[in-house]
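The structure appears right after this line, and notes come after that.
The values are calculated or read from the model by the stated rules, or taken from the named source; none is laboratory data. Just so it is clear, the structure is predicted and the values come from calculations on it, not from any experiment. Reconstructed Cβ throughout: ideal geometry from the backbone, glycine too, with neighbour counts over all protein chains shown.
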Amino acid sequence: MKVLVVGNGGREHALAWKLAQSPRVDRVFVAPGNAGTALEAENVDIPATDVPRLVAFARQNEVDLTVVGPEASLAAGIVDALQEAGLRAFGPSKAAADLESSKVFCKNLLRQADVPTADYHVFHSAKEAIAFLKDRDDVPVVVKADGLAAGKGVIVCGNREQALEAVNRIAEQKEFGPAGDQLVIEERLQGQEASVLAITDGNTLITLPPCQDHKPAFDGDTGPNTGGMGAYCPTPLLSDAMLHMIEERILVPTVHQMKRSRRPFRGVLYAGLMVQNQGMKVLEYNVRFGDPECQPLLMRLKSDLLALLEATADGRLDEITLPEWDPRPAVCVVMASEGYPGSYERGQPIRGLDEAAKLPDVKVFHAGTSTRDSQVVTDGGRVLGVTALGSSISAAKLQAYTGVKAIRFSGAWCRKDISDKALLYQ
Ligand code: AMP
Ligand code: GLY
């Protein structure tokens, strides 16, 4: 069987690596892929959002299943286009992907489904938003651009002045383009964040072990927000009882409401949660595997990923046996380019990858890398996801950082405290 993975990050390397292990998979293509996926699979030089060319490729090469990584491809309607061409795809339709690509749609759906989330207001102009902020108490809020903005359209504000500035950036300066045509202003929540991913075909839902991401750039959760500087799985922050509650009160009602809204959801439903003493609230939904969360998650998956994704695409998730997980936790540390999440240079040669690959229970997933004159070089802000299994979270952390130490490139840096938050709960 032939599989196509769409995307070029650490998530897609992990997906390609795992799918290539399936006894039923003969060939894995990755479009466009990176230097790491090239070792595991066959890279195809088509951008992840070039839907017509991807569909043509899948048709010409008789691809049996296309697995879509990034939200931009889903929002561009890749799953609809593949299905119209009679091809199978894993991921939600464009209409269902609005759960991530429109914060206004997401918040309204959560309200309709009675799923706990921060109180919010929607605005269609900067003027309305400014009037609202001036009229109410000076309390911390979060200002969000409605549309996709590569994770940057969310501005957490401590006071009114910062909130007014955020409104200005999003709705007046249009820093994020049309994503800022509508705004959400919501109550700022306190607590610990967790990522709970589930796989659903719209009828059956399988919750995956919970993960914790590290979004701020620097140690101790300081500095600007990034796509995620590291993640670990499972997180002790959520007990089995809490996970059960998340399923019952958050995930299942969301899937039902999507069905009622005539946007049946198939694929990965990723709830970004704020865990508080009083309970849990949804911060956001993503409609795909998280990156880097996908890396420690798939490192722990013992059963066949293909079976899970295929059954989802076919709407027969109720028929498969539950996935089996390695009891050992996994930690993923992101190595980034100097300057990330701001501007950075590309093309720095990366050394030590072979040495890191020899370490037991370590897998180095590539994110922003490419090959130049048969040398692996940096080609993005998040360059590598060094992922390790260990007998405990601390052991996995130690092993991941042993991997990090083996790898060198000019300007390389990483957070030193990935997974330390877990220690608070053990
Ligand atoms: P989102 O893309 O909506 O998840 O927002 C990105 C990040 O902003 C989240 O991971 C949180 O760290 C933060 N955030 C979003 N909404 C809130 C909120 N209501 N209260 C506090 N932090 C938030
Ligand atoms: N790690 C957060 C995300 O994938 O959006």
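For segment 161-184, does any single residue satisfy the condition of being near ligand 1 (Cβ under 10 Å from one of its atoms) and more than 25 Å from residue 382 (Cβ to Cβ)? Before the answer, list the steps.
Of the residues in segment 161-184, the ones near ligand 1 (Cβ under 10 Å from one of its atoms) are 184.
Adding the requirement that they be more than 25 Å from residue 382 (Cβ to Cβ) leaves 184.
Yes, that holds for at least one residue.
Can you spot a residue in segment 186-198 that is farther than 28 Å from residue 259 by Cβ, surrounded by 21 or more Cβ atoms within 10 Å (Cβ to Cβ) and not acidic (Asp, Glu)?
In the first step, residues of segment 186-198 are kept if they are farther than 28 Å from residue 259 by Cβ; the result is 187-188, 190-192.
After this cut, where a residue has to be surrounded by 21 or more Cβ atoms within 10 Å (Cβ to Cβ) as well, the list is none.
No, there is no match, as no residue in segment 186-198 is farther than 28 Å from residue 259 by Cβ, surrounded by 21 or more Cβ atoms within 10 Å (Cβ to Cβ) and not acidic (Asp, Glu).
Looking across segment 276-325, the residues that are away from ligand 2 (no atom under 16 Å from the Cβ) and among the basic types (Lys, Arg) come down to 281, 300, 302, 316.
For (1) surrounded by fewer than 16 Cβ atoms within 10 Å (Cβ to Cβ); (2) among the charged types (D, E, K, R); (3) within 23 Å of residue 106 (Cα to Cα); (4) away from ligand 2 (no atom under 13 Å from the Cβ), each residue gets a yes or a no:
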| residue | (1), (2), (3), (4) |
| --- | --- |
| 232 | no, no, no, no |
| 242 | no, no, yes, yes |
| 259 | yes, yes, yes, yes |
| 262 | yes, yes, yes, yes |
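Go through segment 92-121 and give me each residue that's of a type in the set (Lys, Arg) and more than 16 Å from ligand 2 (Cβ to nearest atom). Matches in segment 92-121: 94, 107, 111. Taken over segment 200-217, the residue count meeting the criterion of being in a strand (DSSP E or B) and surrounded by fewer than 22 Cβ atoms within 10 Å (Cβ to Cβ) is 5. For segment 143-150, does any single residue satisfy the condition of being away from ligand 1 (no atom under 12 Å from the Cβ) and in contact with a strand residue (DSSP E or B) (Cβ under 7 Å, 6 or more places away or on another chain)? Within segment 143-150, not a single residue is away from ligand 1 (no atom under 12 Å from the Cβ) and in contact with a strand residue (DSSP E or B) (Cβ under 7 Å, 6 or more places away or on another chain). Set side by side, the residues 287, 331 differ, and just one is within 16 Å of ligand 1 (Cβ to nearest atom) and crowded, with 16+ Cβ neighbours inside 10 Å, which is 287. Looking across segment 136-151 at every residue that is buried (at least 17 other Cβ atoms within 10 Å of the Cβ) and outside any strand (DSSP E or B), the one that is farthest from ligand 2 (Cβ to nearest atom) is identified as 146.
Which ones in segment 410-426 are in a loop (DSSP other than H, G, I, E, B), out of contact with any Gly (no Cβ under 9 Å at 6 or more places or on another chain) and either at pLDDT 95 or above or within 17 Å of residue 218 (Cα to Cα) (or both)?
Keep residues of segment 410-426 that are in a loop (DSSP other than H, G, I, E, B), which gives 410-412, 414-419, 424-426.
Add one more test, that the residue is out of contact with any Gly (no Cβ under 9 Å at 6 or more places or on another chain), and what stays is 410, 412, 416, 424-426.
If the condition is that a residue be in a loop (DSSP other than H, G, I, E, B), out of contact with any Gly (no Cβ under 9 Å at 6 or more places or on another chain) and either at pLDDT 95 or above or within 17 Å of residue 218 (Cα to Cα) (or both), then 410, 412, 416 are the ones that fit.
The number of residues in segment 171-195 that are in contact (Cβ under 8 Å) with a residue 40 or more places away in the chain, among the hydrophobic types (A, V, I, L, M, F, W, C) and within 11 Å of residue 144 (Cα to Cα) comes to 4.
The rows are residues; the columns are (1) touching a Leu at 6+ places or on another chain (Cβ under 7 Å); (2) surrounded by fewer than 23 Cβ atoms within 10 Å (Cβ to Cβ).
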{"position": "59", "(1), (2)": "yes, yes"}
{"position": "62", "(1), (2)": "no, yes"}
{"position": "68", "(1), (2)": "yes, no"}
{"position": "73", "(1), (2)": "no, no"}
{"position": "81", "(1), (2)": "no, yes"}
{"position": "86", "(1), (2)": "no, yes"}
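Pairing each residue of segment 108-126 that is of a type in the set (Gly, Ala, Ser) with any residue that is in a helix (DSSP H, G or I), provided the two are 6+ apart or on different chains, yields C-beta distances under 6 Å for 113/253; 113/254; 113/257; 126/167; 126/171; 126/172. Among residues of segment 188-216 being closer than 29 Å to residue 418 by Cβ and over 18 Å from the mean Cα position of the chain (by Cα), the one that is farthest from ligand 1 (Cβ to nearest atom) is 205.
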